[in-house]
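Participant: Have a look at this one before I ask anything.
The values are calculated or read from the model by the stated rules, or taken from the named source; none is laboratory data. Since the model is a prediction, treat every value here as computed from it, not as a measurement. For neighbour counting, all protein chains shown are included, and Cβ atoms are generated from backbone atoms with ideal geometry for every residue, glycine included. The area values use the complete protein model at the heavy-atom level, side chains included, leaving out ligands, DNA and RNA. Shrake-Rupley method; radii C 1.70, N 1.55, O 1.52, S 1.80 Å.
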Amino acid sequence: MNDRRIPDTRLSGRISAAPSDLLHREILEPQFRYEAEHLLPWYVTIEKVLALEYGRMGLIEKDDVRRIGSLLDEITADGLRADPEANYSDIAFAVERQVEQRLDPAVPRWHVDRSRNDLQACAQLLFGRSQVLRAAEALSVFGRSAHRLAAAHTDTPMPGYTHLQSAQIITPGFYLAALTDRVLHAMDRLLAAYRGIDLCPLGAGAMAGQEIPWDRAEMARLLGFRAANPHALTAVASRDWAVEVTAELSLAATWLGRFCTDLMAWGSSEYGLIELPDALSGISSAMPQKKNYPVLERIRGRTAHLVSLHLDAVLGQRNTSYSNSVEVSKEAGTHVLASFDTLCSTLELFTTVLDHLSFREDRALALCEREFLGGFSLANLLTLDEGVPWRRAQVVAGQFITACVEKGLTPRQADPELLRAVALQNGFELSRPEHLVAESFDVRRGLLRKCSPGSAHPDAVRALLAEQAARFDALDEERSAYGATVDAALARTDGLLGLGDAKDGER
(Lines give C-alpha, C1' and ligand atoms only; values in the text may rest on other atoms or scores of the structure.)
Protein backbone atom coordinates (compact mmCIF):
# COMPACT_ATOMS: atom_id res chain seq x y z
CA MET A 1 0.00 0.00 0.00
CA ASN A 2 1.34 3.41 -0.91
CA ASP A 3 1.52 5.54 2.24
CA ARG A 4 3.62 8.29 0.71
CA ARG A 5 2.74 11.67 2.23
CA ILE A 6 1.79 14.55 -0.07
CA PRO A 7 2.89 17.91 1.37
CA ASP A 8 0.16 19.87 -0.45
CA THR A 9 -2.23 21.24 2.20
CA ARG A 10 -5.01 22.21 -0.21
CA LEU A 11 -8.43 20.74 0.52
CA SER A 12 -9.87 21.14 -2.98
CA GLY A 13 -8.57 21.03 -6.49
CA ARG A 14 -11.14 23.54 -7.64
CA ILE A 15 -10.40 26.31 -5.13
CA SER A 16 -6.78 27.28 -4.75
CA ALA A 17 -7.09 30.24 -2.38
CA ALA A 18 -7.82 30.15 1.34
CA PRO A 19 -10.87 32.02 2.65
CA SER A 20 -10.41 35.77 2.80
CA ASP A 21 -9.74 37.57 6.06
CA LEU A 22 -13.26 38.98 5.93
CA LEU A 23 -14.92 35.57 5.55
CA HIS A 24 -12.70 34.14 8.27
CA ARG A 25 -13.38 36.98 10.69
CA GLU A 26 -17.09 37.49 10.14
CA ILE A 27 -18.36 34.01 9.31
CA LEU A 28 -16.00 31.06 9.56
CA GLU A 29 -14.08 31.74 12.75
CA PRO A 30 -17.19 32.55 14.87
CA GLN A 31 -18.87 29.40 13.50
CA PHE A 32 -15.73 27.43 14.31
CA ARG A 33 -15.70 28.69 17.90
CA TYR A 34 -19.35 27.82 18.36
CA GLU A 35 -18.98 24.31 16.99
CA ALA A 36 -15.75 23.69 18.91
CA GLU A 37 -17.52 24.61 22.12
CA HIS A 38 -20.83 22.84 21.57
CA LEU A 39 -20.62 20.28 18.75
CA LEU A 40 -17.05 18.99 18.83
CA PRO A 41 -17.81 15.91 20.99
CA TRP A 42 -20.46 14.87 18.48
CA TYR A 43 -18.12 15.36 15.50
CA VAL A 44 -15.53 13.22 17.26
CA THR A 45 -18.07 10.52 18.10
CA ILE A 46 -19.28 10.41 14.50
CA GLU A 47 -15.72 10.05 13.26
CA LYS A 48 -15.23 7.13 15.65
CA VAL A 49 -18.28 5.40 14.20
CA LEU A 50 -17.05 6.03 10.67
CA ALA A 51 -13.67 4.52 11.54
CA LEU A 52 -15.40 1.39 12.82
CA GLU A 53 -17.37 1.15 9.60
CA TYR A 54 -14.21 1.41 7.51
CA GLY A 55 -12.87 -1.48 9.53
CA ARG A 56 -16.03 -3.54 9.12
CA MET A 57 -15.89 -3.07 5.35
CA GLY A 58 -12.24 -4.12 5.31
CA LEU A 59 -11.07 -0.78 3.95
CA ILE A 60 -8.93 -0.04 7.01
CA GLU A 61 -6.95 -2.51 9.09
CA LYS A 62 -8.16 -3.11 12.64
CA ASP A 63 -4.98 -1.61 14.13
CA ASP A 64 -5.46 1.52 12.03
CA VAL A 65 -9.06 1.78 13.21
CA ARG A 66 -7.82 1.71 16.78
CA ARG A 67 -5.12 4.27 16.04
CA ILE A 68 -7.65 6.62 14.50
CA GLY A 69 -10.04 6.10 17.40
CA SER A 70 -7.31 6.83 19.92
CA LEU A 71 -6.24 10.01 18.14
CA LEU A 72 -9.85 11.15 17.89
CA ASP A 73 -10.30 10.57 21.59
CA GLU A 74 -7.47 12.98 22.35
CA ILE A 75 -8.98 15.91 20.45
CA THR A 76 -10.12 18.85 22.56
CA ALA A 77 -11.48 22.27 21.70
CA ASP A 78 -8.31 23.85 23.08
CA GLY A 79 -6.24 21.86 20.60
CA LEU A 80 -8.13 23.06 17.53
CA ARG A 81 -7.73 26.38 15.77
CA ALA A 82 -9.64 27.96 12.92
CA ASP A 83 -6.93 28.20 10.27
CA PRO A 84 -7.91 29.46 6.81
CA GLU A 85 -4.84 27.87 5.23
CA ALA A 86 -4.77 24.50 7.00
CA ASN A 87 -8.44 23.70 7.57
CA TYR A 88 -10.48 26.41 5.82
CA SER A 89 -11.60 27.44 9.34
CA ASP A 90 -13.96 24.45 9.28
CA ILE A 91 -14.42 22.17 12.29
CA ALA A 92 -14.78 18.98 10.24
CA PHE A 93 -11.59 19.68 8.30
CA ALA A 94 -9.83 20.63 11.53
CA VAL A 95 -10.67 17.28 13.12
CA GLU A 96 -9.60 15.44 9.97
CA ARG A 97 -6.28 17.31 9.77
CA GLN A 98 -5.59 16.89 13.49
CA VAL A 99 -5.77 13.11 13.13
CA GLU A 100 -4.20 12.91 9.68
CA GLN A 101 -1.09 14.79 10.74
CA ARG A 102 -0.44 12.31 13.53
CA LEU A 103 -1.14 9.14 11.57
CA ASP A 104 2.20 7.56 10.80
CA PRO A 105 2.07 5.64 8.60
CA ALA A 106 -0.81 7.32 6.76
CA VAL A 107 -4.13 5.59 6.14
CA PRO A 108 -5.04 6.53 2.53
CA ARG A 109 -8.56 5.06 2.60
CA TRP A 110 -9.64 6.98 5.66
CA HIS A 111 -12.43 9.39 4.65
CA VAL A 112 -12.94 7.78 1.26
CA ASP A 113 -16.55 8.16 0.02
CA ARG A 114 -17.28 10.83 2.60
CA SER A 115 -19.07 14.19 2.61
CA ARG A 116 -19.33 16.92 5.20
CA ASN A 117 -23.04 17.27 4.47
CA ASP A 118 -24.31 14.26 6.38
CA LEU A 119 -21.51 14.67 8.94
CA GLN A 120 -22.69 18.18 9.81
CA ALA A 121 -26.36 17.25 9.73
CA CYS A 122 -25.67 14.36 12.07
CA ALA A 123 -23.59 16.39 14.54
CA GLN A 124 -26.22 19.12 14.65
CA LEU A 125 -29.01 16.63 15.20
CA LEU A 126 -27.11 14.81 17.95
CA PHE A 127 -26.60 18.14 19.67
CA GLY A 128 -30.23 19.11 19.11
CA ARG A 129 -31.50 15.87 20.62
CA SER A 130 -29.36 16.43 23.72
CA GLN A 131 -30.84 19.90 24.07
CA VAL A 132 -34.37 18.53 23.79
CA LEU A 133 -33.67 16.24 26.74
CA ARG A 134 -32.14 19.16 28.64
CA ALA A 135 -35.27 21.24 28.05
CA ALA A 136 -37.54 18.36 29.08
CA GLU A 137 -35.59 18.00 32.32
CA ALA A 138 -35.88 21.73 33.05
CA LEU A 139 -39.62 21.53 32.44
CA SER A 140 -39.86 18.59 34.83
CA VAL A 141 -38.03 20.45 37.60
CA PHE A 142 -40.28 23.47 37.11
CA GLY A 143 -43.44 21.40 36.89
CA ARG A 144 -42.67 19.45 40.04
CA SER A 145 -42.12 22.71 41.90
CA ALA A 146 -45.56 23.91 40.79
CA HIS A 147 -46.97 20.52 41.73
CA ARG A 148 -45.59 20.75 45.29
CA LEU A 149 -47.00 24.23 45.74
CA ALA A 150 -50.37 23.10 44.41
CA ALA A 151 -50.49 20.18 46.84
CA ALA A 152 -49.95 22.58 49.75
CA HIS A 153 -52.97 24.71 48.79
CA THR A 154 -55.81 22.42 47.74
CA ASP A 155 -58.09 23.78 50.51
CA THR A 156 -57.22 27.49 50.39
CA PRO A 157 -60.15 29.50 48.95
CA MET A 158 -59.32 32.32 46.57
CA PRO A 159 -61.20 34.11 43.81
CA GLY A 160 -60.92 32.77 40.30
CA TYR A 161 -61.04 35.39 37.57
CA THR A 162 -62.62 35.55 34.13
CA HIS A 163 -62.33 38.66 31.97
CA LEU A 164 -60.17 40.05 34.83
CA GLN A 165 -63.26 40.03 37.08
CA SER A 166 -63.87 37.93 40.17
CA ALA A 167 -65.85 34.93 38.98
CA GLN A 168 -65.88 31.79 41.13
CA ILE A 169 -64.18 30.35 44.17
CA ILE A 170 -61.13 28.24 43.41
CA THR A 171 -57.91 27.41 45.26
CA PRO A 172 -54.25 28.06 44.48
CA GLY A 173 -53.89 24.29 44.22
CA PHE A 174 -56.55 24.16 41.51
CA TYR A 175 -54.92 27.00 39.59
CA LEU A 176 -51.41 25.57 39.86
CA ALA A 177 -52.67 22.15 38.77
CA ALA A 178 -53.51 23.86 35.48
CA LEU A 179 -49.90 25.03 35.28
CA THR A 180 -48.56 21.52 35.89
CA ASP A 181 -50.99 20.21 33.29
CA ARG A 182 -49.41 22.53 30.70
CA VAL A 183 -45.92 21.50 31.79
CA LEU A 184 -46.77 17.85 31.32
CA HIS A 185 -48.30 18.60 27.94
CA ALA A 186 -45.14 20.44 26.88
CA MET A 187 -42.91 17.60 28.12
CA ASP A 188 -44.97 15.08 26.22
CA ARG A 189 -44.78 17.14 23.02
CA LEU A 190 -41.02 17.65 23.39
CA LEU A 191 -40.43 13.95 23.85
CA ALA A 192 -42.73 13.26 20.90
CA ALA A 193 -40.57 15.65 18.89
CA TYR A 194 -37.53 13.68 20.06
CA ARG A 195 -39.13 10.47 18.82
CA GLY A 196 -39.88 12.13 15.50
CA ILE A 197 -36.31 13.33 14.90
CA ASP A 198 -34.60 10.18 16.16
CA LEU A 199 -33.39 9.24 12.68
CA CYS A 200 -29.69 9.25 11.83
CA PRO A 201 -28.48 11.24 8.77
CA LEU A 202 -25.08 9.54 8.67
CA GLY A 203 -24.37 7.61 5.48
CA ALA A 204 -26.55 9.84 3.30
CA GLY A 205 -23.48 11.47 1.75
CA ALA A 206 -23.76 14.81 0.00
CA MET A 207 -27.41 14.31 -0.99
CA ALA A 208 -27.91 11.13 -3.02
CA GLY A 209 -26.37 8.35 -0.95
CA GLN A 210 -22.90 6.81 -1.02
CA GLU A 211 -20.90 4.53 -3.26
CA ILE A 212 -19.60 1.90 -0.83
CA PRO A 213 -21.80 -0.33 1.36
CA TRP A 214 -22.04 1.59 4.62
CA ASP A 215 -24.14 -0.14 7.27
CA ARG A 216 -26.34 2.86 8.04
CA ALA A 217 -28.48 0.96 10.52
CA GLU A 218 -25.48 -0.05 12.59
CA MET A 219 -24.01 3.45 12.48
CA ALA A 220 -27.36 4.77 13.72
CA ARG A 221 -27.30 2.30 16.61
CA LEU A 222 -23.72 3.23 17.53
CA LEU A 223 -24.83 6.87 17.80
CA GLY A 224 -27.92 6.05 19.86
CA PHE A 225 -30.49 6.71 17.14
CA ARG A 226 -33.62 4.63 16.73
CA ALA A 227 -32.91 4.10 13.03
CA ALA A 228 -31.27 5.62 9.97
CA ASN A 229 -33.12 8.31 8.06
CA PRO A 230 -34.60 6.36 5.13
CA HIS A 231 -34.09 9.10 2.51
CA ALA A 232 -30.65 10.51 1.72
CA LEU A 233 -31.88 13.90 0.55
CA THR A 234 -34.12 14.39 3.56
CA ALA A 235 -31.23 13.41 5.80
CA VAL A 236 -29.00 16.25 4.63
CA ALA A 237 -31.53 18.84 3.45
CA SER A 238 -34.05 18.83 6.27
CA ARG A 239 -33.55 20.90 9.37
CA ASP A 240 -37.20 20.54 10.29
CA TRP A 241 -36.09 19.40 13.73
CA ALA A 242 -34.83 22.92 14.50
CA VAL A 243 -38.19 24.42 13.54
CA GLU A 244 -40.15 21.73 15.38
CA VAL A 245 -38.33 22.01 18.68
CA THR A 246 -38.21 25.81 18.68
CA ALA A 247 -41.93 25.72 17.92
CA GLU A 248 -42.48 23.67 21.07
CA LEU A 249 -40.38 26.14 23.06
CA SER A 250 -42.35 29.08 21.68
CA LEU A 251 -45.63 27.36 22.61
CA ALA A 252 -44.32 26.81 26.11
CA ALA A 253 -43.34 30.47 26.23
CA THR A 254 -46.92 31.44 25.41
CA TRP A 255 -48.51 29.75 28.38
CA LEU A 256 -45.58 30.53 30.68
CA GLY A 257 -46.17 34.20 29.94
CA ARG A 258 -49.88 33.89 30.67
CA PHE A 259 -49.34 32.23 34.05
CA CYS A 260 -46.66 34.79 34.86
CA THR A 261 -49.11 37.58 34.04
CA ASP A 262 -51.49 36.25 36.69
CA LEU A 263 -48.73 36.16 39.30
CA MET A 264 -47.79 39.74 38.39
CA ALA A 265 -51.39 40.79 39.02
CA TRP A 266 -51.70 38.74 42.21
CA GLY A 267 -48.51 40.29 43.56
CA SER A 268 -49.76 43.82 43.01
CA SER A 269 -50.89 46.02 45.89
CA GLU A 270 -54.46 45.85 44.56
CA TYR A 271 -54.70 42.06 44.77
CA GLY A 272 -52.12 41.31 47.44
CA LEU A 273 -52.57 37.56 47.06
CA ILE A 274 -48.93 36.47 46.93
CA GLU A 275 -45.62 37.53 48.37
CA LEU A 276 -42.00 36.88 47.47
CA PRO A 277 -39.04 37.22 49.83
CA ASP A 278 -36.93 40.35 49.72
CA ALA A 279 -34.12 38.51 47.94
CA LEU A 280 -36.41 38.06 44.93
CA SER A 281 -37.87 41.54 45.10
CA GLY A 282 -36.93 44.97 43.80
CA ILE A 283 -37.07 48.47 45.15
CA SER A 284 -38.07 51.87 43.89
CA SER A 285 -35.40 54.55 43.89
CA ALA A 286 -37.99 57.23 44.60
CA MET A 287 -40.79 55.53 46.54
CA PRO A 288 -39.53 53.79 49.68
CA GLN A 289 -42.90 52.24 50.42
CA LYS A 290 -42.80 50.02 47.34
CA LYS A 291 -41.85 46.37 47.03
CA ASN A 292 -41.66 45.39 43.38
CA TYR A 293 -41.37 41.97 41.74
CA PRO A 294 -39.26 42.68 38.62
CA VAL A 295 -38.24 39.01 38.48
CA LEU A 296 -41.74 38.27 37.17
CA GLU A 297 -41.36 40.96 34.54
CA ARG A 298 -38.05 39.41 33.51
CA ILE A 299 -39.63 36.00 33.19
CA ARG A 300 -42.48 37.26 31.05
CA GLY A 301 -40.11 39.38 28.99
CA ARG A 302 -37.93 36.40 28.20
CA THR A 303 -40.86 34.43 26.88
CA ALA A 304 -40.99 36.92 24.01
CA HIS A 305 -37.48 35.93 22.98
CA LEU A 306 -38.54 32.30 22.60
CA VAL A 307 -41.28 33.25 20.17
CA SER A 308 -38.99 35.47 18.10
CA LEU A 309 -36.19 32.86 18.05
CA HIS A 310 -38.60 30.30 16.66
CA LEU A 311 -39.66 32.76 13.99
CA ASP A 312 -35.98 33.29 13.13
CA ALA A 313 -35.58 29.53 12.55
CA VAL A 314 -38.67 29.46 10.35
CA LEU A 315 -37.64 32.45 8.24
CA GLY A 316 -34.12 31.07 7.92
CA GLN A 317 -35.48 28.07 6.01
CA ARG A 318 -38.41 29.65 4.21
CA ASN A 319 -37.96 29.97 0.44
CA THR A 320 -34.67 28.05 0.41
CA SER A 321 -34.09 25.15 -1.96
CA TYR A 322 -34.60 21.66 -0.61
CA SER A 323 -30.96 20.62 -0.64
CA ASN A 324 -27.92 21.06 1.55
CA SER A 325 -26.99 24.72 1.97
CA VAL A 326 -25.16 26.75 4.58
CA GLU A 327 -28.11 29.12 4.71
CA VAL A 328 -30.22 26.33 6.17
CA SER A 329 -27.58 24.28 7.95
CA LYS A 330 -25.76 27.20 9.58
CA GLU A 331 -27.59 30.53 9.38
CA ALA A 332 -31.09 29.18 10.03
CA GLY A 333 -29.83 27.37 13.11
CA THR A 334 -27.87 30.28 14.54
CA HIS A 335 -30.21 30.81 17.48
CA VAL A 336 -31.30 27.25 18.24
CA LEU A 337 -28.99 27.02 21.25
CA ALA A 338 -30.14 30.47 22.37
CA SER A 339 -33.71 29.13 22.36
CA PHE A 340 -32.82 26.26 24.66
CA ASP A 341 -30.68 28.49 26.89
CA THR A 342 -33.47 31.04 27.15
CA LEU A 343 -36.08 28.42 28.03
CA CYS A 344 -33.88 26.79 30.67
CA SER A 345 -32.93 30.15 32.19
CA THR A 346 -36.57 31.27 32.24
CA LEU A 347 -37.66 28.02 33.86
CA GLU A 348 -34.92 28.23 36.47
CA LEU A 349 -36.07 31.73 37.41
CA PHE A 350 -39.73 30.66 37.48
CA THR A 351 -38.90 27.57 39.54
CA THR A 352 -37.13 29.73 42.12
CA VAL A 353 -40.16 32.02 42.27
CA LEU A 354 -42.51 29.10 42.92
CA ASP A 355 -40.16 27.56 45.49
CA HIS A 356 -40.22 30.81 47.51
CA LEU A 357 -43.73 32.10 46.81
CA SER A 358 -46.22 32.33 49.65
CA PHE A 359 -49.98 32.83 49.38
CA ARG A 360 -51.70 35.33 51.68
CA GLU A 361 -54.55 33.08 52.71
CA ASP A 362 -56.26 35.72 54.83
CA ARG A 363 -56.28 38.16 51.94
CA ALA A 364 -57.59 35.52 49.55
CA LEU A 365 -60.43 34.65 51.91
CA ALA A 366 -61.30 38.31 52.39
CA LEU A 367 -61.53 38.80 48.62
CA CYS A 368 -63.83 35.79 48.38
CA GLU A 369 -66.07 37.12 51.13
CA ARG A 370 -66.20 40.58 49.55
CA GLU A 371 -67.61 39.43 46.19
CA PHE A 372 -70.93 37.74 45.41
CA LEU A 373 -69.14 34.71 43.94
CA GLY A 374 -72.10 32.46 44.67
CA GLY A 375 -74.33 33.94 41.99
CA PHE A 376 -74.00 30.86 39.80
CA SER A 377 -74.81 28.58 42.75
CA LEU A 378 -77.86 30.69 43.61
CA ALA A 379 -79.22 30.39 40.08
CA ASN A 380 -78.67 26.61 40.16
CA LEU A 381 -80.46 26.27 43.51
CA LEU A 382 -83.36 28.41 42.36
CA THR A 383 -83.86 25.95 39.53
CA LEU A 384 -83.06 22.70 41.35
CA ASP A 385 -84.76 23.43 44.69
CA GLU A 386 -87.46 25.97 43.80
CA GLY A 387 -88.35 25.01 40.22
CA VAL A 388 -87.52 28.39 38.70
CA PRO A 389 -86.67 27.93 34.99
CA TRP A 390 -82.93 28.25 34.50
CA ARG A 391 -82.80 31.43 32.44
CA ARG A 392 -85.36 33.13 34.75
CA ALA A 393 -83.29 31.94 37.73
CA GLN A 394 -80.32 33.79 36.24
CA VAL A 395 -82.41 36.96 36.12
CA VAL A 396 -83.61 36.57 39.71
CA ALA A 397 -80.10 35.90 41.01
CA GLY A 398 -78.66 38.86 39.12
CA GLN A 399 -81.37 41.25 40.32
CA PHE A 400 -80.97 40.06 43.91
CA ILE A 401 -77.18 40.64 43.88
CA THR A 402 -77.69 44.07 42.31
CA ALA A 403 -80.19 44.97 45.05
CA CYS A 404 -77.76 43.84 47.76
CA VAL A 405 -74.96 45.93 46.27
CA GLU A 406 -77.21 48.97 46.04
CA LYS A 407 -78.11 48.57 49.71
CA GLY A 408 -74.43 48.20 50.66
CA LEU A 409 -74.84 44.60 51.82
CA THR A 410 -71.95 42.15 51.74
CA PRO A 411 -72.51 38.49 50.79
CA ARG A 412 -72.54 37.62 54.50
CA GLN A 413 -75.28 40.24 55.04
CA ALA A 414 -77.40 39.14 52.09
CA ASP A 415 -81.07 39.37 53.12
CA PRO A 416 -83.25 36.29 52.38
CA GLU A 417 -86.36 38.47 52.46
CA LEU A 418 -84.88 40.64 49.75
CA LEU A 419 -84.41 37.50 47.67
CA ARG A 420 -88.02 36.52 48.33
CA ALA A 421 -89.20 39.94 47.18
CA VAL A 422 -87.11 39.88 43.99
CA ALA A 423 -88.41 36.42 43.15
CA LEU A 424 -92.02 37.53 43.67
CA GLN A 425 -91.46 40.47 41.35
CA ASN A 426 -90.53 37.90 38.71
CA GLY A 427 -93.57 35.73 39.45
CA PHE A 428 -91.98 33.07 41.68
CA GLU A 429 -92.71 32.33 45.34
CA LEU A 430 -89.77 30.81 47.22
CA SER A 431 -90.23 28.30 50.03
CA ARG A 432 -86.74 28.52 51.61
CA PRO A 433 -84.94 31.75 50.73
CA GLU A 434 -82.84 31.52 53.92
CA HIS A 435 -81.43 28.19 52.79
CA LEU A 436 -80.70 29.50 49.31
CA VAL A 437 -78.77 32.51 50.59
CA ALA A 438 -76.82 30.57 53.22
CA GLU A 439 -75.93 27.80 50.79
CA SER A 440 -74.96 30.10 47.92
CA PHE A 441 -72.76 32.66 49.66
CA ASP A 442 -70.81 30.56 52.10
CA VAL A 443 -67.23 30.56 50.76
CA ARG A 444 -66.38 27.05 51.91
CA ARG A 445 -69.64 25.65 50.57
CA GLY A 446 -69.00 27.40 47.27
CA LEU A 447 -65.80 25.43 46.92
CA LEU A 448 -67.28 22.11 48.00
CA ARG A 449 -70.35 22.39 45.75
CA LYS A 450 -68.16 21.57 42.74
CA CYS A 451 -68.37 17.82 42.22
CA SER A 452 -67.24 17.05 38.66
CA PRO A 453 -63.82 15.51 37.95
CA GLY A 454 -61.24 18.20 37.24
CA SER A 455 -63.13 20.78 39.29
CA ALA A 456 -61.84 23.03 42.07
CA HIS A 457 -63.20 20.71 44.79
CA PRO A 458 -60.21 19.86 47.01
CA ASP A 459 -60.72 16.12 46.54
CA ALA A 460 -60.88 16.53 42.76
CA VAL A 461 -57.68 18.59 42.80
CA ARG A 462 -55.90 16.03 44.94
CA ALA A 463 -56.97 13.25 42.59
CA LEU A 464 -55.71 15.26 39.62
CA LEU A 465 -52.40 15.95 41.33
CA ALA A 466 -51.96 12.23 42.00
CA GLU A 467 -52.48 11.52 38.30
CA GLN A 468 -50.05 14.26 37.39
CA ALA A 469 -47.39 12.87 39.71
CA ALA A 470 -47.64 9.54 37.89
CA ARG A 471 -47.35 11.32 34.53
CA PHE A 472 -44.24 13.18 35.69
CA ASP A 473 -42.68 9.87 36.69
CA ALA A 474 -43.53 8.25 33.36
CA LEU A 475 -42.22 11.15 31.27
CA ASP A 476 -39.05 11.43 33.34
CA GLU A 477 -38.52 7.73 32.87
CA GLU A 478 -38.96 8.09 29.12
CA ARG A 479 -36.56 11.03 29.00
CA SER A 480 -33.98 9.13 31.05
CA ALA A 481 -34.33 6.13 28.78
CA TYR A 482 -33.49 8.22 25.72
CA GLY A 483 -30.42 9.61 27.44
CA ALA A 484 -29.37 6.16 28.62
CA THR A 485 -29.70 4.80 25.07
CA VAL A 486 -27.28 7.43 23.78
CA ASP A 487 -24.86 6.89 26.67
CA ALA A 488 -24.88 3.13 26.13
CA ALA A 489 -24.35 3.54 22.39
CA LEU A 490 -21.38 5.86 22.86
CA ALA A 491 -19.90 3.53 25.46
CA ARG A 492 -20.26 0.64 23.01
CA THR A 493 -18.54 2.67 20.30
CA ASP A 494 -15.60 3.42 22.59
CA GLY A 495 -15.56 -0.22 23.65
CA LEU A 496 -15.27 -1.38 20.06
CA LEU A 497 -12.32 0.98 19.66
CA GLY A 498 -10.71 -0.24 22.89
CA LEU A 499 -10.79 3.24 24.41
CA GLY A 500 -10.69 4.10 28.09
CA ASP A 501 -12.18 1.64 30.55
CA ALA A 502 -14.78 0.43 28.06
CA LYS A 503 -14.61 -3.22 27.17
CA ASP A 504 -14.27 -4.26 23.55
CA GLY A 505 -17.75 -5.03 22.22
CA GLU A 506 -18.94 -7.53 19.68
CA ARG A 507 -19.42 -6.31 16.14
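Participant: Can you name the helices (runs of 4 or more DSSP H) wholly within segment 305-404 that have at least 1 residues being open to solvent by 60 Å² or more (accessible area, probe 1.4 Å) and under 30 Å from residue 278 (Cβ atoms)?
Facilitator: 336-356, 361-370
Participant: While we're looking at this one, here's another question. Mind listing whichever residues of segment 46-72 are of a type in the set (Ser, Thr, Tyr) and open to solvent by 20 Å² or more (accessible area, probe 1.4 Å)?
Facilitator: Matches in segment 46-72: 70 only.
Participant: Is it the case that some residue within segment 47-62 is in contact with a Lys or Arg (Cβ under 7 Å, 6 or more places away or on another chain), under 30 Å from residue 496 (Cα atoms) and of a type in the set (D, E, K, R)?
Facilitator: For segment 47-62, residues in contact with a Lys or Arg (Cβ under 7 Å, 6 or more places away or on another chain), under 30 Å from residue 496 (Cα atoms) and of a type in the set (D, E, K, R): present.
Participant: When segment 428-445 is examined, which residues are found to be of a type outside the set (Ser, Thr, Tyr), open to solvent by 20 Å² or more (accessible area, probe 1.4 Å) and out of contact with any Gly (no Cβ under 6 Å at 6 or more places or on another chain)?
Facilitator: Result: 428, 429, 432, 434, 435, 438, 439, 442, 444, 445.
Participant: Which helices (runs of 4 or more DSSP H) does segment 203-283 wholly contain that include 3 or more residues that are buried (at least 20 other Cβ atoms within 10 Å of the Cβ), touching a strand residue (DSSP E or B) at 6+ places or on another chain (Cβ under 8 Å) and in contact (Cβ under 8 Å) with a residue 12 or more places away in the chain?
Facilitator: 216-222
Participant: What residue, of 268, 285, is among the polar types (S, T, N, Q) and within 15 Å of residue 359 (Cα to Cα)?
Facilitator: 268 is the lone residue from the list that is among the polar types (S, T, N, Q) and within 15 Å of residue 359 (Cα to Cα).
Participant: Which numbered condition in (1) surrounded by fewer than 18 Cβ atoms within 10 Å (Cβ to Cβ); (2) in contact with a Gly (Cβ under 6 Å, 6 or more places away or on another chain); (3) not aliphatic (A, V, I, L, M) is the only one that residue 163 fails?
Facilitator: (2)
Participant: State whether the residues of segment 113-126 include one that is of a type in the set (A, V, I, L, M, F, W, C) and surrounded by fewer than 20 Cβ atoms within 10 Å (Cβ to Cβ).
Facilitator: no
Participant: Also, quick follow-up: Collect the residues in segment 412-424 that are over 22 Å from residue 160 (Cα atoms) and surrounded by 13 or more Cβ atoms within 10 Å (Cβ to Cβ), keeping them in residue-number order.
Facilitator: Scanning segment 412-424 gives 415, 416, 418, 419, 420, 421, 422, 423.
Participant: Give me the pairs: first residue in segment 32-53 and in contact (Cβ under 8 Å) with a residue 24 or more places away in the chain, second residue among the small types (Gly, Ala, Ser) and open to solvent by 10 Å² or more (accessible area, probe 1.4 Å), beta-carbon distance under 8 Å, and six or more apart or on different chains, which are they?
Facilitator: Cβ pairs passing all conditions: 32/82; 33/82; 36/77; 37/77; 40/77.
Participant: If you scan segment 89-102, which residues turn out to be open to solvent by less than 50 Å² (accessible area, probe 1.4 Å) and either among the hydroxyl-bearing types (Ser, Thr, Tyr) or assigned to a loop (DSSP other than H, G, I, E, B) (or both)?
Facilitator: 89, 90
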